[in-house]
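The values are calculated or read from the model by the stated rules, or taken from the named source; none is laboratory data. Here the structure is a predicted model, which is why all the values come from computation and not from measurement. Note that each Cβ is placed from the backbone with ideal geometry, even for glycine, and that neighbours are counted across all protein chains shown.
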Amino acid sequence: MRPSGRSADALRPVTIEPGVSRHAEGSCLIRMGDTHVLCTATVEEKVPSFLRNTGLGWVTAEYGMLPRATTSRSPREAKKGQTGRSHEIQRLIGRALRAGLDRAALGERQIVIDCDVLQADGGTRCAAITGGWVALRLAVDRLMAAGLVKIDPLTAQVAAVSCGIVGGEVVLDLDYVEDSQAGTDANFVMTGDGRLVEVQASAEGTTFGQEQLARMMALAEQGCRALMAAQRAALER
C-alpha cells in the first residue's frame with residue numbers, strides 16, 4: 001500500500017486553474033496533490049542574439065521555489081544565486097516545451113515561461129512542464145487572436161510525469177515521501193501522440209531491469225494522457 005493509499009497506477013488529484021495572473025499573456029496554477037506551481041507566459045518581441053534576423057522564435061523557461069515551498073525555509077535564489085538544480089530544471093522545461101513548437105510559425109519573438117513553486121511535495125519539474133504548456137497555449141492563443149501569428153506554432157501537446165520503484169513496486173507520480181525512499185526515480189516528458197521528449201531515470205538505491213523500465217514507460221504514458229486531458233479541460237473553461 002502506498003503512503004497516500006493510491007494504487008500503483010494512480011495520479012495524485014490534479015487541478016489546473018487557467019488565467020490566474022492578471023498581467024501575463026498566459027498563466028495557470030497547477031496542483032498535483034500537495035505540489036502547487038504557478039506558471040506564467042510572457043511574450044517578448046525580441047529573441048536571443050543568436051536568433052536575430054533568422055525569422056525563428058524561441059521558448060525558454062525560468063524555475064524557482066519560494067522560500068517556504070518546503071518544510072524548512074530556503075534562502076531566495078535572488079540572494080544566494082541560482083542552484084545547479086534550478087538551472088537544470090529550467091533547461092528541461094524549455095527543451096520540453098520547444099519540442100512541440102514550430103519556431104518559424106511563432107516568428108521572431110520569445111515566450112518566457114516562469115514556473116514558481118509555491119508548495120513542493122515531489123514532482124515539481126513535471127508539474128512545471130505540464131502547467132507551463134497550458135500557459136504557453138494561452139499566450140499563443142492571444143497572439144493568434146491579435147493577428148500577430150497566422151499559423152498555430154504549437155504542433156504538439158506536452159506533459160510530464162514521474163515514475164519510480166518504491167519497495168520493489170513500480171508506481172506512478174511519486175510524492176515526496178515516496179521519492180525520498182525510491183530505489184529508482186524517473187521523469188518522462190511526452191507529446192500528445194505518445195512520443196518521448198525526454199527520459200530521466202536513475203537507480204538511487206537499486207538497479208532496475210528492462211521489464212521494470214517498460215512498466216514505468218507504460219505508466220508514464222497513461223499518466224501523461226490523463227494530464228493532457230486535464231490540460232484540455234482547463235483550456236475549455
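The figures follow:
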read-out: Selection count, the stretch 5-41, where residues are surrounded by fewer than 18 Cβ atoms within 10 Å (Cβ to Cβ) and farther than 14 Å from Gly131 by Cβ; value: 9
read-out: Residue match in the stretch 5-15 (condition: modelled with pLDDT under 95 and under 26 Å from Thr71 (Cβ atoms)); value: yes
read-out: Residue match in the stretch 92-107 (condition: surrounded by 20 or more Cβ atoms within 10 Å (Cβ to Cβ), more than 18 Å from the chain's Cα centre (by Cα) and touching a residue at least 12 places away in the same chain (Cβ under 8 Å)); value: yes
read-out: Members of the stretch 61-83 found to be under 27 Å from Val43 (Cβ atoms) and without any contact (Cβ under 8 Å) to a residue 40 or more places away in the chain, listed by number; value: Arg76, Glu77, Ala78, Gln82
read-out: Residue that is nearest to Glu169 (Cα to Cα) [pool: residues in the stretch 197-237 that are assigned to a helix (DSSP H, G or I) and among the basic types (Lys, Arg)]; value: Arg215
read-out: Leading residue by the ranking (nearest to Pro153 (Cα to Cα)) among those in the stretch 52-69 that are surrounded by fewer than 15 Cβ atoms within 10 Å (Cβ to Cβ) and of a type outside the set (Lys, Arg); value: Gly55
read-out: Failed item, numbered, when Arg2 is tested on (1) more than 21 Å from Ser180 (Cα to Cα); (2) among the basic types (Lys, Arg); (3) buried (at least 17 other Cβ atoms within 10 Å of the Cβ); value: (1)
read-out: Boolean, Ser49 is surrounded by 12 or more Cβ atoms within 10 Å (Cβ to Cβ) and within 27 Å of Glu108 (Cβ to Cβ); value: no
read-out: Test result for Leu143, touching a residue at least 60 places away in the same chain (Cβ under 8 Å), farther than 15 Å from Val14 by Cβ, assigned to a helix (DSSP H, G or I) and not hydroxyl-bearing (Ser, Thr, Tyr); value: yes
read-out: Test: residue in the stretch 168-177 that is part of a helix (DSSP H, G or I) and more than 19 Å from Ala234 (Cβ to Cβ); value: yes
